[in-house]
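Asker: To start, I am sharing the structure in question, which I have written as structure tokens.
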Amino acid sequence: MNIFLAVLQRDLKLALRRRREVANPLVFFIIVVSLFPLGVSPDRELLSEIAPGVIWVTALLASLMSMDAIFRSDYDDGSLEQLLLLPGSKVLLVLAKVTAHWISIGLPLIIIAPVMALLLYFPAHAIVSLMVTLLISTPILSLLGAVGVALTLSLRTGGILSSLLILPFYIPVLIFSTMAISAATSNLPVMGYYALLGAFLIMSLILVPFAVVAALKVSHN
Amino acid sequence: MHFIHKYGSPNYFYQWSGTWLKILSALTLILMALGLYWALIISPPDYQQSETVRIMYIHVPSAWMSMFTYVVMASAGVVAMIWRIKVAEIVVAQSAIIGASFTLLALVTGMLWGKPMWGAYWVWDARLTSELVLLFLYVGVLAIYSAYEDPRTGAKAASILAIVGVINIPIIHYSVEWWNTLHQGPTVTKFDSPSAPLSMLTPLFIMFFAFKTYFFALLFARTRNALLSRERHTSWVQEILEK
Amino acid sequence: MGARDPGEIVVQEFFHMDGYAFYVWGSYAIVSAVLLLNVISIRLQRRKILRELAELSEEE
């Protein structure tokens, strides 16, 4: 457990030092969401209809864009190799890095999402469901995204390639989340959707770190 | 795990796969001829789908094989990661190419079936959508494999992605199916499985086995080529050349 | 036109596919093309590899 806390602390400190870099995905999210009314139409009904999809797809892209930072700088300056040589569980190390990344990128996204939802005339009574789905799902996005980044670390064209690898895996999260939101919009029960997302989160938490560790080893060949 | 190392050693694999390649090629030819005859001539037109039902006899096997190939690829990936068998690494890359071509065929034939039946080449039907996602997954495996200059590192990275993918495919599949039923209501299913008459099932299964033998023949042939080319400096390749 | 040979009509019907000829024959054409191309490319590849290997052993 020590390695988890130590790495978590270290990464959060680093994130605090690189505040501007960390804010970029958030700004990207805000700008892209506000492009939709300009590109589609400012029509109230249309916007509120597409709002869950727009916010969710944009959140996927924003989180994907930020993923590269999770290992990149540590890989480039060699500290990742040192961390992997440390005694202790590599899985915990990966979990710590993903958690730190989620706290610095995922959480701000969840906080800003309701504001962006209002810009798209998102029905106010469904905003809680938007936040809950984001809260459960953004860790899944970070975990799966970490696999893509770990697989492409030693390649020069890593960024776009890792998005290409990982985006198809985001599909179930996108589907379950937007369905939960549309159920909440029409006042239908949503707990089933949350349970599904939660199960997916637990499964990812257990299985994905092993894939990340294996991928990091391949990258350090 | 002695037998994995034995059958997976490049030299021994090359020997036993040669025999199997001949058997499988012959079987493929026979089954394809029989299947085509049955699918195009013997089997009657469907009362609902008319003659377009004949597209199903190649569409459904392509779709099945596209999924089967992914499982083969991921299994080879597991063997490659755990026992570091060179042949398994080659199989991962080669089955990705074959699988992508089956997926592409399933998509194209599905679209050609959809135009007369649904009135549009593309409908966001659960099966077509799943097939599209599967194509994305194959493209990802091929992209990561070819991104690495060293084929062995590329194969390891591709194996990891394939293993993550094979766990995710059922989840993706059911989520897409669910999304589809909630958004569109039940569409016309391509095969009402229990009621599909025997006259349709026979050509379907013959074609299915034909595609399966074709797949293994192709996979063996591709793997043998890759082995020869990669192991060109070893003694066993020299021995084969001298024969 | 006059009466036609029944065999001719059967053959025409076969190719006509009840008006769905483009879709049915299009599907079969694309599938056979891809399956055949796969086989041909492997044959060509094999020939090329064997030629390269022969050159390699001559050099030695």
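The values are calculated or read from the model by the stated rules, or taken from the named source; none is laboratory data. All values derive from a computational prediction rather than experimental measurement. Every residue, glycine as well, gets a Cβ built from its backbone with ideal geometry; the counts of neighbours run over all protein chains shown. Each accessible area value is taken on the protein alone, full model and side chains, heavy atoms only, with ligands, DNA and RNA left out. Shrake-Rupley method; radii C 1.70, N 1.55, O 1.52, S 1.80 Å.
Asker: Condition first: within 11 Å of chain B (Cβ to nearest Cβ) and outside any helix (DSSP H, G or I). Now tell me which residues in the range A:142-187 satisfy that.
Answerer: Those that are within 11 Å of chain B (Cβ to nearest Cβ) and outside any helix (DSSP H, G or I): A:Thr152, A:Leu153, A:Ser154, A:Leu155, A:Arg156, A:Thr157.
Asker: If you don't mind, another one. Just checking, which of B:Ile144, B:Ile98, B:Ile90, B:Ile169 is surrounded by 21 or more Cβ atoms within 10 Å (Cβ to Cβ) and more than 9 Å from every other protein chain (Cβ to nearest Cβ)? Break it down stepwise before answering.
Answerer: Details: B:Ile144 fails: more than 9 Å from every other protein chain (Cβ to nearest Cβ); B:Ile98 fails: more than 9 Å from every other protein chain (Cβ to nearest Cβ); B:Ile169 fails: surrounded by 21 or more Cβ atoms within 10 Å (Cβ to Cβ).
On inspection, the qualifying residue turns out to be B:Ile90.
Asker: Going by what's in this entry, would A:Leu197 be described as of a type in the set (A, V, I, L, M, F, W, C), touching a residue at least 60 places away in the same chain (Cβ under 8 Å) and in a helix (DSSP H, G or I)? Give the steps one after another, and end with the answer.
Answerer: Numbers: of a type in the set (A, V, I, L, M, F, W, C): yes; touching a residue at least 60 places away in the same chain (Cβ under 8 Å): yes; in a helix (DSSP H, G or I): yes.
It is true that A:Leu197 is of a type in the set (A, V, I, L, M, F, W, C), touching a residue at least 60 places away in the same chain (Cβ under 8 Å) and in a helix (DSSP H, G or I).
Asker: Considering the range B:211-239 alone, what residues qualify as being more than 9 Å from chain C (Cβ to nearest Cβ) and either free of Cβ contacts under 8 Å to residues at least 40 places away in the same chain or more than 23 Å from the chain's Cα centre (by Cα) (or both)?
Answerer: Within the range B:211-239, B:Arg230, B:Glu231, B:Thr234, B:Ser235, B:Trp236, B:Glu239 meet the criteria.
Asker: Could I ask something else about it? Scanning for something assigned to a helix (DSSP H, G or I), out of contact with any Asp or Glu (no Cβ under 9 Å at 6 or more places or on another chain) and surrounded by 24 or more Cβ atoms within 10 Å (Cβ to Cβ), does the range B:74-81 turn up at least one residue?
Answerer: The answer is no; no qualifying residue exists.
Every residue, every condition in (1) without any contact (Cβ under 8 Å) to a residue 40 or more places away in the chain; (2) of a type in the set (S, T, N, Q); (3) within 19 Å of B:Ser229 (Cα to Cα), yes or no:
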{"residue": "B:Ile90", "(1), (2), (3)": "no, no, yes"}
{"residue": "B:Leu105", "(1), (2), (3)": "no, no, no"}
{"residue": "B:Thr109", "(1), (2), (3)": "no, yes, no"}
{"residue": "B:Met117", "(1), (2), (3)": "no, no, no"}
{"residue": "B:Trp122", "(1), (2), (3)": "yes, no, no"}
{"residue": "B:Ser159", "(1), (2), (3)": "no, yes, no"}
{"residue": "B:His173", "(1), (2), (3)": "no, no, no"}
{"residue": "B:Glu177", "(1), (2), (3)": "no, no, no"}
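Asker: Is it true that some residue in the range A:113-135 is open to solvent by 20 Å² or more (accessible area, probe 1.4 Å), at pLDDT below 95 and touching an Asp or Glu at 6+ places or on another chain (Cβ under 7 Å)?
Answerer: The answer is no; no qualifying residue exists.
Asker: Determine, yes or no, whether A:Leu153 is modelled with pLDDT of 95 or more, open to solvent by less than 10 Å² (accessible area, probe 1.4 Å) and of a type outside the set (Val, Ile, Thr). Please lay out each step first, then the result.
Answerer: On the way: modelled with pLDDT of 95 or more: no; open to solvent by less than 10 Å² (accessible area, probe 1.4 Å): yes; of a type outside the set (Val, Ile, Thr): yes.
So A:Leu153 does not fit the description; no.
Asker: Something else now. In the set C:Asp5, C:Asp18, which member is charged (D, E, K, R), over 24 Å from B:Arg232 (Cβ atoms), facing chain B (nearest Cβ under 9 Å) and without any contact (Cβ under 8 Å) to a residue 12 or more places away in the chain? Outline the logic, then answer.
Answerer: Working: C:Asp5 fails: facing chain B (nearest Cβ under 9 Å).
None of the others qualify; the one that does is C:Asp18.
Asker: Being in contact (Cβ under 8 Å) with a residue 24 or more places away in the chain, farther than 21 Å from A:Leu141 by Cβ and either in contact with a helix residue (DSSP H, G or I) (Cβ under 9 Å, 6 or more places away or on another chain) or of a type in the set (D, E, K, R) (or both) is the requirement here; does A:Leu83 meet it? Explain how you work it out, then say what you get.
Answerer: Numbers: in contact (Cβ under 8 Å) with a residue 24 or more places away in the chain: yes; farther than 21 Å from A:Leu141 by Cβ: yes; either in contact with a helix residue (DSSP H, G or I) (Cβ under 9 Å, 6 or more places away or on another chain) or of a type in the set (D, E, K, R) (or both): yes.
Yes; evaluated as a whole, the condition is true for this residue.
Asker: May I ask you to list the residues in the range B:114-141 that are of a type outside the set (A, V, I, L, M, F, W, C) and open to solvent by less than 40 Å² (accessible area, probe 1.4 Å)?
Answerer: So the first thing to find is which residues in the range B:114-141 are of a type outside the set (A, V, I, L, M, F, W, C), and the list is B:114-116, B:119, B:121, B:125, B:127, B:129-131, B:138, B:140.
Residues satisfying the conditions are B:Gly114, B:Pro116, B:Asp125, B:Thr129, B:Ser130, B:Glu131, B:Tyr138, B:Gly140.
Asker: So which of B:Tyr57, B:Tyr12, B:Tyr70 is hydroxyl-bearing (Ser, Thr, Tyr), open to solvent by 40 Å² or more (accessible area, probe 1.4 Å) and assigned to a helix (DSSP H, G or I)? Walk me through it before giving the result.
Answerer: Numbers: B:Tyr57 fails: open to solvent by 40 Å² or more (accessible area, probe 1.4 Å); B:Tyr70 fails: open to solvent by 40 Å² or more (accessible area, probe 1.4 Å).
The match here is B:Tyr12.
Asker: Also, I was wondering about something else. How about the range B:32-50: which of its residues are open to solvent by less than 30 Å² (accessible area, probe 1.4 Å) and closer than 15 Å to B:Gly114 by Cβ? Show your work before the answer.
Answerer: Step one: of the range B:32-50, the residues open to solvent by less than 30 Å² (accessible area, probe 1.4 Å) are B:35, B:39-40, B:43, B:46, B:49-50.
Of everything in the range B:32-50, those that are open to solvent by less than 30 Å² (accessible area, probe 1.4 Å) and closer than 15 Å to B:Gly114 by Cβ turn out to be B:Gln49, B:Ser50.
Asker: Do we find that C:Arg47 is exposed (fewer than 15 other Cβ atoms within 10 Å of the Cβ), within 9 Å of another protein chain (Cβ to nearest Cβ) and among the charged types (D, E, K, R) in this structure? I'd like the intermediate steps shown before the answer.
Answerer: On the way: exposed (fewer than 15 other Cβ atoms within 10 Å of the Cβ): yes; within 9 Å of another protein chain (Cβ to nearest Cβ): no; among the charged types (D, E, K, R): yes.
No: the conditions fail for C:Arg47.
Asker: Looking only at the range B:204-231, count every residue that is among the charged types (D, E, K, R), more than 30 Å from B:Ser43 (Cα to Cα) and surrounded by fewer than 20 Cβ atoms within 10 Å (Cβ to Cβ) and tell me the total.
Answerer: Looking only at the range B:204-231, we keep the residues that are among the charged types (D, E, K, R), and these are B:212, B:222, B:224, B:230-231.
Filter once more, so that each one left must be more than 30 Å from B:Ser43 (Cα to Cα): B:222, B:224, B:230-231.
Add one more test, that the residue is surrounded by fewer than 20 Cβ atoms within 10 Å (Cβ to Cβ), and what stays is B:230-231.
Residues meeting the conditions: 2.
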